[in-house]
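Down below is the structure, laid out as structure tokens.
FYI, it's all coordinate maths here, none of it is from the lab. In this text, all values refer to a predicted model and were calculated from it rather than measured experimentally. Neighbour counts run over all protein chains shown; Cβ positions are idealised from the backbone, glycine included.
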Amino acid sequence: MNQPIVSFIEKEFLPASTKLESMEEELLTGGIINSLGLMKLISFIENQYAISIPFEDITLEHFNTIEVITAYVSERLDTSH
Amino acid sequence: MFLNGWIPPIKNNSLKTGLNKIPLTQSQQLIYAGQRLNPNSPLYNVPYVFRIHGPIDTDRFNRAFQLLISRFDALRTSIEDDGQQVHQLIRPDIDFKPAFIDWRESPPSEDLDSWLEERGKRIFDLARPLFDCVLITLGDNESIWYLNLHHLITDATSLNLLYHAMEEIYRTDGKANNSLDYKPFADYVVYESESMQARNKDSIDQYWKDNIAEYGKPFHYYGNNIKPLNTNSERTVVTIASERAEHIRKRAQQPPFGMISQHLAIYNIFASALALTVHSAGGTQSFAIGSPVHNRDNRDRNRTVGLLMEVFPLFLKIGKEDAVADVIKELKTSIFQMLGKVGAGMANAEIGRSFNTMLNYIPWDFGRFDGHRVEADWLHPGHCDPNHVLRCQILDPGKGEMQLIFDFNCEVFPESKRKLLPVHCQNALKAILLADDTPVQEVELIDEEERGMLMRKFKPRKDHADKADFMSSFEKNVELSGSSIALIQDGEGMSYTSLNRKANMLSNYLLSKGIQFEDRVGLYMTRSTDYIISLIALMKIGAVFVPIPSDIPMRRVQFMLKNSDCRCCLSHGSIDYQHIKEIPVVDLDSDQNEILSYSDANPPSIQSPRKIAYHLYTSGSTGLPKGVIIEVKALNNYLNWAAAHYQIEQDTVFPLFTSIGFDLTISSTFLPLMKGGTLHIYKEAMGGPDLSLFKVLSDNAVNTIKLTPSHIGMIHDRDLGNSQIRTIIVGGELFKTELAKSLSGAFKDKASIFNEYGPTEATVGCIAYKYEAEDVEGYSVPIGLPITNMRAYVLNDKLKVLPGGVVGELFLSGESLAYGYHNLPEMTKEKFLDDPFRPGSKMYRTGDLARWNEKGQLEFKGREDEQVKFNGYRVELTDIESNLTKLNKISDAAVVLIGSDSSGAQSDIENCARCGLPSNYPNADFDREGICHLCNAFDGYKERVNTYFKTEDDLRDILMSAKNSERKYDCLSLLSGGKDSTYVLARLVGMGLKVLAFTLDNGYISDQAKENVDKIVAKLGVDHVYGETEHMNKIFVDSLHRHANVCNGCFKTIYTLSTQVALEKNIPFVVTGLSRGQFFETRLTEELFWEQDRNSERIDSTILEARKLYHREKDAISEFLDVSMFHDDKTFNKVQFIDFYRYSNVSLQELLSYLKEKIDWKRPTDTGRSTNCLINQLGIYVHKKEKGYSNYAFPYSWDVRLGHKQRDESLEEINEEIDEPQVKKIMREIGYTESVSQLENSDRLVAYYVSSEDIAQRDIRTFLQESLPAYMIPGLFKRLEAMPLTTNGKTDKNSLRSLNKAQLDADVPYTAPRNDIEILLSEIWCDVLQMKKVGVFDDFITLGGHSLSAIRITARINEELQLNFPLNKIFDLPTIAEYSSYIEKILLELMDEENE
């Protein structure tokens, strides 16, 4: 389910034709995505999965790796259904 | 020597090939515009200096820099402005060589810093490369790389990218190819344009618009309301030590900060600190802070050099009760909110103008240069965009020290404030790092040094060594110079000896009457020698005097005497004191002989020192005056200071010409007598204005005077060069600088002018300032410094000391403070607080606003209530006033905020217990039982009203009387389809009459109501016609403007069209279904029933006269419908109007059951209301908005009064909910636009000015626009002949606030009635037209007068004067002035007749 997110990050934030090394790769603390980029990613996720992400949830715990993003998005999907 | 490389020539061939000409981005446009406005200011230079500690090879450096230029298109960019369009040109290559300067052998003539400073200020030619690059070799192992870029091609991130690219190229001598991965700026320009097109612009624009409207209001740092014009800027750099910086970095990772990135979290910390600073230093609760957003939201843009950054506002509101932690949390949300709304190209000029303060967080990590240590510095070009009066930057290298940089606009921040703001900000930072629940208001931003400075100012002036008691001084004067003249009244002098003897006799007399130590005694007197004798007599025996002026209402006199527990009251012959019953009155005239029989020797000395000197009453917010208790020591403190400060001597002559009940008068009363001088007494006029001041000036016998600014307003334009007056003490009100200047001029600069401030509660004056023209900058004369033994504090709501300059509430402490309010312990507690700075003492809360100005003087900033909220802005009325008076032709000005008539919350409205009339109906007056004045008056003429009503038999007789077989119809019946008119029709048919039913289709009759109408006429078998007009909507609009409802227009249309039908079809009667309540709305008035013998015929003929006038008025009906028949009196005979319910007293119950039985009538349900007309609620909506109550409130109250409706039913119908969306829809349909005042609220700022001639509104507005922001420009300017004054000589703002909308809009200056007849007429007009004030040139029609009010006014005039003026006179003579001179003429004629 996280494929769209992975593709989006690779397209927007990684050098051409590079891939994310792992699902645990640190996106924010690793300098791949800055805060403005994160806002962009969030609005992509909101549109892609038709969920809304409150400001309080925009934290490292939820967005620093693909792994935690996936978990967070699934959780949001569950609560909203 | 450093010119080499500067202003590089453009290669000739570059114009031919590969030239890219593209538009400017949004950010570039803003900067370009700013530079164009300030062409000679380096305000957008961004000079960086890198000090490299190691050898640098200049050739290699040059090669590297050439590569840098080729890789970054920003460096090859310049601006092309052909006068029409502005583009940026990106050239394929440019010929630029950095300047290389070697200072090893030829040391510079100037030091490096000044060289850099000068270089950094160079102006770029925008048509050429927008950067400058220099390498200075200082030593073998030390070089300076100077790189200055114009902001058009750079931002903070770009500098970082450029540095690293340059370093890498140099290090590898061009071999590394990482740099090739950088993206061109031209790509971003395309991206921005695409994003802007793709964006759903409206909703986002709306977001910024709405928030800017709420938060983007200007505020002033430290009360300095200068609008900066030039770009001069000074930088203050604060180093945050490593330890503290590390603490900040650590805190950033902890709650409540912790954010997705360390940078954002640190930004949150500093933004919160800056917010607290702005809140306190700017005195604002909601504001915006500009926050740069780098727009690098993906990998490509992360690697682009150029101006990508845009600045967006962070919005913040700090509530009165908010804690520090709340501010942090709110800002966090605000940051996210902003980040969610930003996007390339979004920051337009409007967004750019919404803040004056910017905060930038810049990661400051440049790393080594070719392995050498580097120190980077960002130079300040000494200039900055004047729209950003404060820029705050944090340079954070990630570890170790941080730098906190403040760039200040020099106009807004004088040097002292440039020192203090960083201190305030650091103290705010301390509080923010604690992030606890401390209320924001309790966070003190000033440090010990500033507090000490402010406290030194608080410190009292040196006390006088020989502090004297007034009575001892007076007695000494008697002893030493008894023959000197103490008092003069009406040319007669009284010596000190004589005054003392008289006072002694009175003292002894009063003692014999039982007046004791500390008894209170009223002095109800005119200004007179009696008054002075009395107060000295009372002081001698230790009694407390209570001055009661002669010109206040009787009830207030009684209140003061009772409230102060006076033992007795002293008065004299010229006062009518008969109404004082509860305590004995000593009449100094009638008791004179007895008093003179007492000994003139000093009374026995009092047993203990006197404590209380007097009680003085000041007006209270509750409407009842408060008695302020003044102690002897407070009075002495003031008098001793004042005598020394104003140099009161034996030759001082003061006039006593102001009210004895006014605190200001204490100076005049006591100062001369204390120092052996003379007091000239000017008695007030009994009734009429007090013109004593003019007498004082024309007598020219005094040399020292104390008066109010309003007094000065009356005299400042006279030539007083010959006046003896050398000392002028001004008090009581804000003293405008312009007035002071003009006053000084009037006295040919020969008089010293003092501004004295002090509430009654701090005894006359406790802060004072000697006016020096060159010393005064602000719009008002400063009030200066506290007097001897007094302190003044400017505090916030939580009693914390505010930074110097910030406006806050003024608190007073010290010896002059009053003891409290007599018999008001609660209020005393509320106003006299414990002084937190001097434990054990009290501090008085003045309710006045003040600030410490740059010169260390206090400035009075008006009453807390003078500062009004207007459309969300805090507006200082005095500020507008003083600017007005700067206009030459204007000698005085007063600005008031006039509220809507609907002031008062709906929940505060009561309804008459009997009829339901709402309490906000104009002039409504309820008695103790809650019964309104209309009901009470009605009780008096109820019986006569009953004779006006008849029976259905009478009706049948009238209608039958004209029965004629030639006629097809006996009458026309107006049918709306509602219950009342349906009943009328059914009854008429039931009487056996031939009836034509008439319905006006106004376009808003509900479908069900129409069905009802069709069903009714079918069932009753009558003919029916619909009337209609294509102009109905214009008539509605006109009616809304004239009457604030739609019904008036609709009714008149019905009458007009039905009269036409009746004339055509030869129908003699039109029968209406008006309710009895509606008679009183449209036909009947109380006055018609005043006369005992008034019979129905006479009433009917008056009504008919009024009806003729009504149909001949000019309005939309007469414009759009044919009303020619009404000009013929015969029409009114041919077609008579009959009100059915005059003849029927049917109850609602009966009526409904009759309708159900006869025609199965049902209430329409599709209007959602009790009415069958859809537009009706629009009328109610507008009426409620404009007047505060429903237009049905009055007629329904009459229905209830006359027993045709129950109170509850009426209230239920009046309070029906209004469907606002529906109302707005109908407004659009009929083309009615709500006035701005209706949309927001009907408050408006009105300026009154005194001038000998009218000045065009536009001229005044243009003049004010030069100095005031748009929101402070009054909406209306009205000329006055003279400023109305209260009895204390202050501007009577209440009176200025009571003119209504129509009067304000009319193009006539307000002129008060000038003679008895005008006074009488204006009282009648006010009453009938429900107004507070009517000027004699106000127009009857403009004020909303109509035929019904004509009936009322005419009837009242006739009643008062026992004359018989016709109704139409008021339309011929529509102003009080005209009508009254007509009356005068008639009265003279009548007198002549009698004489003949």
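Residue by residue, region B:264-271 carries 3J(HN,Hα) couplings of 5, 5, 5, 4, 4, 4, 6, 5 Hz when phi is fed to the Karplus relation 6.51 cos²θ - 1.76 cosθ + 1.60 (θ = phi - 60°); x denotes Gly or Pro.
In terms of other Cβ atoms within 10 Å, B:W378, B:W852 run from fewest to most in the order B:W378, B:W852. Taken over the Cα atoms of region B:708-864, the convex hull encloses 120 Å³ per residue.
Distances between every pair of Cα atoms in region B:12-191, grouped in 10 Å steps from 0 to the bin holding the largest one, split as 9, 35, 36, 17, 4, 0 percent. Applying 1/(1 + (r/R0)^6) with r as the Cβ-Cβ distance of B:K21 and B:R1258 and R0 = 35 angstrom yields a FRET efficiency of 0.20. Per residue of B:337-344, other chain Cβ atoms within 10 Å of the residue Cβ number 3 on average. Across region B:203-298, the fraction of Cα-Cα pairs farther apart than 23 Å, rounded to a whole number, is 47%.
Once the cut-off is 16 Å, how many percent of the Cα-Cα pairs in region B:745-837 end up in the long-distance tail?
Values: 2740 of 4278 pairs.
Pairs farther apart than 16 Å: 64 percent.
How far is helix B:737-746 tilted, in degrees, relative to the longest principal axis of the Cα atoms in chain B, given as a value from 0 to 90 rounded to the nearest 10? Helix B:737-746 sits at roughly 70 degrees to that axis.
Using only the alpha carbon atoms of chain A, find the Kirkwood hydrodynamic radius as the inverse mean reciprocal pair distance, in angstroms to one decimal. Intermediate results must be reported in sequence, preceding the final value.
Details: mean 1/r = 0.0784 Å⁻¹.
Evaluated over chain A, this radius sits at 12.8 Å.
Near B:A543, the amide H atoms lying under 5 Å from its own belong to B:E518; only residues 5 or more places off or on other chains count, and H is placed 1.01 Å from N.
Axis angle, to the nearest 10 degrees, between helix B:529-540 and the longest C-alpha principal axis of chain B: 70 degrees.
With a Förster radius of 30 Å applied to the C-beta separation of B:I606 and B:N1294, the computed FRET efficiency comes to 0.10.
Expressed in nm to one decimal, what extension gain is obtained for the pair B:L1276 and B:T438 from 0.36 nm per residue of sequence separation less their Cα-Cα distance?
On the way: separation 838, 0.36 × 838 = 301.68 nm, distance 4.47 nm.
Using 0.36 nm per residue and subtracting the Cα-Cα distance, I get 297.2 nm.
Counting Cβ atoms of other protein chains within 10 Å of each Cβ in B:288-301 and taking the mean gives 4. Of all DSSP beta bridges confined to chain B, the antiparallel ones make up roughly 65%.
Express in nm, to one decimal, how much length is gained between B:Q724 and B:S195 on full extension, taking 0.36 nm for each residue of separation and deducting their alpha carbon distance.
Difference between extended and current length: 182.7 nm.
Rounded to whole Å, the principal axis extents of the Cα atoms in region B:1011-1095 read 46, 33, 26, largest first. The phi torsions of region B:946-955, fed into the Karplus equation with coefficients 6.51, -1.76 and 1.60 and a -60° offset, translate into couplings of 4, 6, 6, 8, 10, 10, 4, 4, 4, 4 Hz, rounded to whole numbers, with Gly and Pro shown as x.
The shape of region B:1060-1173 comes out oblate: with a ≥ b ≥ c from the C-alpha gyration tensor, a/c is at least 1.5 while a/b does not beat b/c. Rg/Rh for region B:686-749 (Cα atoms only, Rh after Kirkwood) is 0.95. Across region B:302-308, computed HN-Hα scalar couplings (Karplus, 6.51 cos²θ - 1.76 cosθ + 1.60, θ = phi - 60°) run 5, 10, 10, 9, x, 7, 9 Hz from first to last residue, x flagging Gly and Pro.
Taken residue by residue and averaged, Cβ atoms of other chains lying within 10 Å of the Cβ of A:36-43 number 6. Please give the helix A:66-80 orientation as an angle from the longest Cα principal axis of chain A, in degrees from 0 to 90, rounded to the nearest 10. The two axes meet at around 20 degrees. Note on the protein assembly as shown: Cα Rg divided by 2.2 N^0.38 Å, N the number of residues, gives 1.18. The peptide list B:1271-1281, B:692-702, B:1213-1223, put in order of mean Cβ contacts within 10 Å with the highest first, becomes B:1271-1281, B:692-702, B:1213-1223. Based on the convex hull around the alpha carbon atoms, region B:1244-1395 presents an average projected area of 11.3 nm². State whether region B:957-1172 is rounded, prolate or oblate according to the following rule on the C-alpha gyration tensor (a ≥ b ≥ c being the square roots of its eigenvalues): a/c under 1.5 gives rounded; otherwise a/b larger than b/c gives prolate, and the remaining case gives oblate. Since a/c stays below 1.5, the shape of region B:957-1172 is classed as rounded.
Close amide-amide hydrogen proximity is noted between B:H680 and B:I488, B:F654, B:L656, each under 5 Å apart and 5 or more residues distant or on a separate chain (H modeled in the peptide plane; Pro and chain starts excluded). The alpha carbon centroids of region B:120-165 and region B:374-402 are separated by 16 Å. Potential lengthening of the chain between B:H87 and B:L624 amounts to 186.2 nm, from the contour at 0.36 nm per residue minus the alpha-carbon distance. In chain B, the inverse of the mean reciprocal separation of distinct Cα atoms equals 38.5 Å; this is its Kirkwood hydrodynamic radius.
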